[in-house]
Every structure is written in structure tokens, then in C-alpha cells.
1. So if R0 is 30 Å, what FRET efficiency would residue 208 and residue 242 give, r being the distance between their Cβ atoms, rounded to the nearest 0.05?
2. On alpha carbon coordinates alone, what is the Rg over Rh value for region 257-322, Rh being the Kirkwood radius?
3. Expected output is a single nm value to one decimal: the length gained when fully extending between residue 146 and residue 174, i.e. 0.36 nm times separation in residues minus the C-alpha distance. What is it?
4. How high is the FRET efficiency from residue 91 to residue 286, r the C-beta distance, R0 25 Å, rounded to 0.05?
5. Simple spin-label model, 7 Å along Cα-to-Cβ: residue 301 to residue 125 in nm?
6. What order do you get for 271-279, 309-317 when each peptide is scored by the mean count of other beta carbon atoms within 10 Å, highest first?
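No value in this document is a laboratory result; all are computed from the given coordinates. All of these numbers come straight from a predicted model, not from anything done at the bench. Note: ideal-geometry Cβ built from the backbone for every residue, glycine included; neighbour counts use all protein chains shown.
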Amino acid sequence: MLRKISTFILLLSWGFAPFSQNPYYVLEVDSAEYAPLEGAQVMDPVLNDMEGGWDDPYFQAMLLMEFPLFGDLCTSLIQDGLGNFMVAPIDDITANLLVPGAYDLADIGLVDKATSEIRWITEGNPGEKIFKLEWWDCGYYEEIIELDSIGPSRYNAQIWLHEATGVIEYRFGVVDIQFELQLPAMPIGLVHSFDGNDAGEFYMLTGDESAPELVELTFNSVFSATLTGSPSLGRIYRFLPNPDQVVESPANQALAIYPNPSSTMIQFNAGPGVKHWMLYDLVGREVDRGACQGQSTLNVRALSSGTYFLNVEGFKSARVMVR
């Protein structure tokens, strides 16, 4: 099944059409200084060697946590050949995909003493872990082979998965695409239950890279959804779980919060019995914690404006908007 997923790059160019207004995730666009990963595990280039450098690599990165991707818990991500999207298998037939791009990346070490790296690390304490994976200083296969040199094009990007909130981030460093044989635009997004053929749900970014839309798509299509330009240095595309589309779990129920948004106090009903709660910011940092029972109140006056996630025992994580 994984080999079939390598056709995803070709499928992206066929074109799609929107079919829903309520995706599993809500897009937030941000920017921050790009920081290369330090102390990370590096993909073994020997396992993916082609005359001194890797191309179409196969590797599996363990998350060291369970992460809910479209409600399906995954513990590892796999890259299987062409492209730089990551595969989270659901079963023997279908998989969810993380797509921070879909270009045919290659190691500049194929033609130069310098090397490109694919590396990953999991940081943080249990319940608050952040998995990070990076493509660092990667070149483009067609450019390297055509020019027989490392060429001017580069790709630097990271995937962040936040255990506490279920938030997915794509963080971009230098993304400079100059080679004419590459795709005309950068396909970026998420894919749910892809079967390697034409079945699945495609959530892709379209429009200007500074203010794109997240569009839900199907193969019954008339246009391709891609960005009109490469992500700028420091660009972050953040995918927030949509409370209206969270997959139901028998053990957890929705937590009603009001008023939301608020600049002073929020209220919620935690039900009978003492329960612990924790409040996280968008990058998974704990900002407050406590215990509650029944009708409860939380003071948010001291918080900066923005989006937070409230985790209460026995309930699904709830988004809190502070203004």
C-alpha cells in the first residue's frame, strides 16, 4: 500500500473540487524565526544511498507518543520514496498523509561534499510532548541531475506534532524553488484515509502563501489547489483540530465553554467528582492547571490574546479564545 502512495505527487496535478465547509482542521497562519533542529536523530544515508547521497528515501520515524491524526492514533510516520510527505498508516489499505510539500527532494551530497539531512526528535514530558521532523538543506533531484551540481534551489521545512493539543504545524525555512521542471506551485496540506488510488479526503492550501485558504477536496474535480508561491522564510501553517469535527470517543464528551471568546472569565460544567484540568497555548506549553468539580469558572484575564486548549479529565480538548 505504501508504494501506491508514492503516486500522490502525480495525483495532485489532476485537479480537485471543494465539497465541504467543515474540515477536521482549521488553518491559522503565523510566522516565527526558523530554528534548525539540534540533537535530533538523523536518517541513515547508507540505507538510502545513491552514489554518495540519498534519493527517494525510505525511513520510519517513531513519535514516542500517540498522536491523533484525523482521530486515528499514530505512533510513527513513514516516508516511502518519491516526495517529502509523511505517511501514517491506518490499516493495510488506507493511510493519513502529512504534506508539507510534495517535491522530489534529494541529497546535495550526490554531487557535493556537503550533505542534506532528514532528522527528527521528540521533546517534552509525557502528555506534553512535541514531535519534530525536519528536511534540512535539501536539493531537488531534477536540478541536481540536470546541472550535475547542487544548484541554487533549497528546501528547509519542519513538521511539529503537539501531543497536548493535537495541533499540527508546518514550519518553513528557506524554500527557494528555481528549477523549471518542478511543479509550478507548492502542494501543502493534509490527506485523510487515502487508499493509494482516488479515494480519500484532501485538505489543501490554496491562494497566496501569506493568507491561504484551507479547502476540502475530492477527485471529482476541475482545478488544482496549490499555493501561488513558496512559503516565505519563517512561515508557519498551523492546523487546529476543529471542535465540530472531532471524532467521538466513548470515554470523552464535548466540553461546553461560555462565553467563548472571552477577555475575563469562562465557565464550563465538569460534571460530578473532582477532575483535573490543564490549559495549553498553541505550541503545547502548559500555562495553567488546577482542579474542578461541577459548574466551574476559569479566570483568563492574565492571558495574552489568542487561542488556547483546555483539557479536563473525561472530556475532549476544548478550544478557548481569549481576546
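1. On the way: r = 23 Å, r/R0 = 0.75.
The formula returns an efficiency of 0.85 here.
2. 0.93
3. Values: separation 28, 0.36 × 28 = 10.08 nm, distance 2.18 nm.
The span from residue 146 to residue 174 would gain 7.9 nm if fully extended.
4. Numbers: r = 34 Å, r/R0 = 1.36.
My answer for the efficiency is 0.15.
5. 2.8 nm
6. Numbers: 271-279: 14.7, 309-317: 18.9.
By packing density, highest mean first, the sequence is 309-317, 271-279.
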